[in-house]
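Some notes on the structure that comes next.
Quick note: the coordinates plus some simple rules give every number you see, no bench work behind them. Predicted model only: the values in this text are computed from it and were never measured. Every residue, glycine among them, receives a Cβ derived from its backbone with ideal geometry; neighbour counts consider all protein chains shown.
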Amino acid sequence: MTASLSAPTGRSAWLESWLRELPAPSGPLAAVQERGRQALAQQPVPSSRLEEWRFTDLSLLQELPLAPAAPAAAPLGTGLDSEVLRLQLDGSSDPFAGVTLPAGLQVLSDAELAQGLGHTLAATGCQDHWPVELNHAVASQVLALRLTSRSKLKLELHSAASAGLMPLRLLLILEEKAELELSHRLEAQSTGLTSLLVEAHLARSASLQHNLVALGSVDAALLGHLAIEQEPESQVALTTVTAGWGLARLEPRLVQVDGQATSTLRGLQLVGGKQIADTHSHVHFAGPEGQLDQLHKAVAAGQGRSVFNGAVQVPRAAQRTNAAQLSRNLLLSDRARIDTKPELEIVADDVKCAHGATVSSLQTDELFYLQSRGIDADQAAGLLKRAFCEEVLRELPAVARGWCPLEQWQLEQA
C-alpha cells in the first residue's frame with residue numbers, strides 16, 4: 001500500500017529520498033536549482049490539511065519515476081515555416097538547434113535572464129508555491145524569449161514526455177504592441193511527472209494568445225503554473241485543455257499591474273477512472289478599468305474528481321473593473337465528484353462583477369430528442385458531451401483545435 005502524503009513520516013522519506021537522487025545543479029539555472037532544492041528540503045509537500053490542496057491527492061507522485069526523462073525525438077516540421085515557428089521543448093535538448101529565429105524574436109542574454117526570471121512569479125504571488133519550487137529544483141534550461149515592439153509571431157511548442165521527470169520552463173517578454181500566438185502541445189504517454197512553469201510579461205498594448213493542450217495518461221502527472229503580468233491596454237487570451245492525466249493541477253495566475261487591461265480565460269478539464277484534475281486560478285486587478293471574462297468547464301465520469309477554485313481580487317484601487325467568472329460542470333457518474341468554488345473579493349465600490357457555478361448531468365429531454373431523430377443512445381450522449389466541450393475548444397486556433405480529437409476521448413467509467 002502506498003503511504004499517504006498527509007503523514008509527516010511518509011512525506012519526509014519520499015521527498016528526502018528524491019532530493020538525494022537529483023543530479024548536481026548545472027547550467028544557467030544552477031543557482032535557481034540550488035535555491036529550489038533548499039526550499040523543498042524545508043517546505044512540506046502539500047497535503048489535505050491545507051485549504052488550497054484539500055481535494056488534491058498527491059500520493060501518485062510517490063509511485064512515479066522521477067529520474068530525468070530522456071530527450072524525445074524532434075517531430076517533423078520543427079523550424080520556421082510560413083510565419084509559424086515550431087520548436088521541440090523537452091527541458092534538456094536545445095530547442096533552437098538548426099532553427100533560424102524570425103525577425104522580431106530574440107533570445108534573452110544571461111544578464112537579461114537573471115533580471116527577468118522570477119519577476120512575474122513574485123508579482124503574481126506564487127514564487128514560493130511548492131510546484132514552483134519543484135520546477136526550480138530540477139529545471140536546467142529555460143526558453144527565454146523577447147518579442148520586440150510591434151512584431152507579430154505564431155509559435156508552436158511540442159513537448160512529448162517519456163518515462164521520468166520532464167521540467168519545462170518558459171520566460172516570455174512582449175514589448176509594446178507585440179503580438180504572440182503561442183500554442184503548446186504537451187503529451188505524456190509514459191509514467192512520469194511533467195513540471196511546467198511559464199512567466200509572461202506584457203508591455204503596454206501587447207497581445208498574447210496562449211493555448212495549452214495537455215494530454216496525459218493515467219500513470220502520469222502534470223503540475224503547472226502559468227504566471228502572466230499585464231500592463232495597461234494589453235490583452236491576454238488563455239485557453240487550457242487537460243485530459244487523461246492521473247493527476248493534473250494547473251494554476252493560471254494573472255495580475256493587471258495598473259489596470260486598463262483585458263484578460264480572457266477559458267479552461268476545460270476531463271476526468272474519468274480515478275483521475276484528478278485541479279485548476280486553481282487567481283486574477284488580481286491592481287488598477288482601474290480592468291476587464292475579465294472567465295469560463296471554466298469540466299466533465300467528470302467514473303470515479304474521477306474535478307476541482308476548480310477561481311479567485312478574483314478587486315481592491316479599492318481597481319475602480320470600474322468589469323469581471324465575470326463562470327464554472328460549468330458535467331457530471332456523468334454517481335461516483336464522480338466535482339468541487340467548484342468561484343470567488344470574488346471586492347473592496348472597490350464602482351465595479352461590475354459576477355460569478356456563478358453549475359453542475360448538471362446529461363439532460364433526459366435532450367437525449368430523448370436526439371434518439372427520436374434516429375440517433376442511438378451512445379451517439380446522442382456523445383453529441384451532447386461534444387457540444388458541452390465545444391464552447392471552450394472553439395476558442396483554440398485551428399492547429400491547436402486539431403490536437404483535441406473528441407471522438408478519441410473515452411472517459412473511463414471504472
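Suppose R0 equals 45 Å; then what is the FRET efficiency for GLN371 and ARG320 from their Cβ-Cβ distance, rounded to the nearest 0.05?
Computed FRET efficiency for GLN371 and ARG320: 0.35.
Before anything else, pin down the relative contact order of the chain: Cα pairs under 8 Å, at least 6 apart, normalised by residue count, whole percent. All intermediate terms of the calculation are to be shown ahead of the outcome.
Details: 1063 pairs, mean separation 42.8, N = 414.
Here the relative contact order equals 10 percent.
How much net charge surrounds LEU143 when only other residues with a Cβ under 11 Å from its Cβ are counted (Lys, Arg +1; Asp, Glu -1)? Walk me through the numbers on the way to the answer.
On the way: positive: ARG169; negative: ASP90, ASP94, GLU199.
Result for the local shell: -2.
Anyone know which of GLN291, GLN325, GLN379 comes out most mobile in the 10 Å Cα GNM of the chain?
Looking only at GLN291, GLN325, GLN379, the largest GNM fluctuation is found for GLN379.
As I understand it, the dipole of the chain uses +1 on the Cβ of Lys and Arg and -1 on the Cβ of Asp and Glu, about the Cα centre. Which of ALA377, GLN62, PRO252 lies farthest toward its positive end?
Toward the positive end, the furthest listed residue is ALA377.
Test of understanding: what is the full-extension gain from ARG335 to SER93, defined as 0.36 nm times their sequence separation minus their Cα-Cα distance?
Values: separation 242, 0.36 × 242 = 87.12 nm, distance 4.24 nm.
Taking 0.36 nm per residue and subtracting the Cα distance, the gain is 82.9 nm.
Explain nothing, just the number: dipole magnitude of the range 71-408 about its Cα centre with +1 on each Lys and Arg Cβ and -1 on each Asp and Glu Cβ, in debye rounded to the nearest 20. Spell out each step's value before the answer.
Working: 27 positive and 38 negative charges, 102 e Å.
For the range 71-408, the charge dipole is close to 480 debye.
Running a GNM on the chain with Cα contacts under 10 Å, which residue among GLY302, GLY272, GLY374 ends up with the highest mean-square fluctuation?
Highest fluctuation of the listed residues: GLY374.
Given H placed 1.01 Å from N in the peptide plane, which residues other than close sequence neighbours of VAL283 have an amide H under 5 Å from its amide H?
Sorted by chain and number, the residues that satisfy this are LEU254, ALA311, VAL312, GLN313.
Could you give the size of the charge dipole of the range 276-366 about its Cα centre, using +1 on the Cβ of each K and R and -1 on the Cβ of each D and E, expressed in debye and rounded to the nearest 20?
Working: 9 positive and 11 negative charges, 38 e Å.
Once rounded to the nearest 20, the dipole reads 180 debye.
Sort out for me the Cα centre separation of the range 365-386 from the range 285-338, rounded to whole Å.
The two parts, judged by their Cα centres, are 28 Å apart.
How much net charge surrounds LEU193 when only the other residues with a Cβ under 12 Å from the Cβ of LEU193 are counted, with Lys and Arg +1 and Asp and Glu -1? Don't skip to the answer; put the middle values down first.
Numbers: positive: ARG249; negative: GLU63, ASP219.
Net of charged neighbours comes to -1.
Please give the length that would be gained between LEU113 and GLN379 if that part of the chain were fully extended, namely 0.36 nm times their separation in residues minus their C-alpha to C-alpha distance (nm, one decimal). Kindly include the intermediate steps, with their values, before the conclusion.
Working: separation 266, 0.36 × 266 = 95.76 nm, distance 5.16 nm.
That pair, LEU113 and GLN379, stretches by 90.6 nm at full extension.
Which value in nm describes the separation of the simple spin-label points at GLN43 and ARG204, placed 7 Å from the Cα toward the beta carbon?
Inter-label distance under the simple model: 3.5 nm.
Mind checking which of ALA237, ASN329, GLN275 is farthest towards the positive end of the range 236-350's charge dipole, using Cβ charges of +1 (Lys, Arg) and -1 (Asp, Glu) about the Cα centre?
GLN275
Given the Cα-Cα distance of ALA387 and SER149 and 0.36 nm per residue of separation, how much length would full extension add, in nm?
Full extension of this stretch gives 81.8 nm more.
Calculate, for GLU16 and VAL347, the FRET efficiency according to 1/(1 + (r/R0)^6) with r their C-beta to C-beta distance and R0 41 Å; round to the nearest 0.05.
Details: r = 43 Å, r/R0 = 1.04.
For GLU16 and VAL347, the calculated efficiency is 0.45.
So the label point goes 7 Å from the Cα of HIS355 along Cα→C-beta, right? Which residues of the range 26-68 then have their backbone N under 17 Å from it?
Output list for this probe position: 51-55.
Give the residue from ASN211, THR364, ASN135 lying farthest towards the positive end of the charge dipole for the range 71-408; charges sit on Cβ (+1 for Lys and Arg, -1 for Asp and Glu) and the dipole is referred to the Cα centre.
THR364
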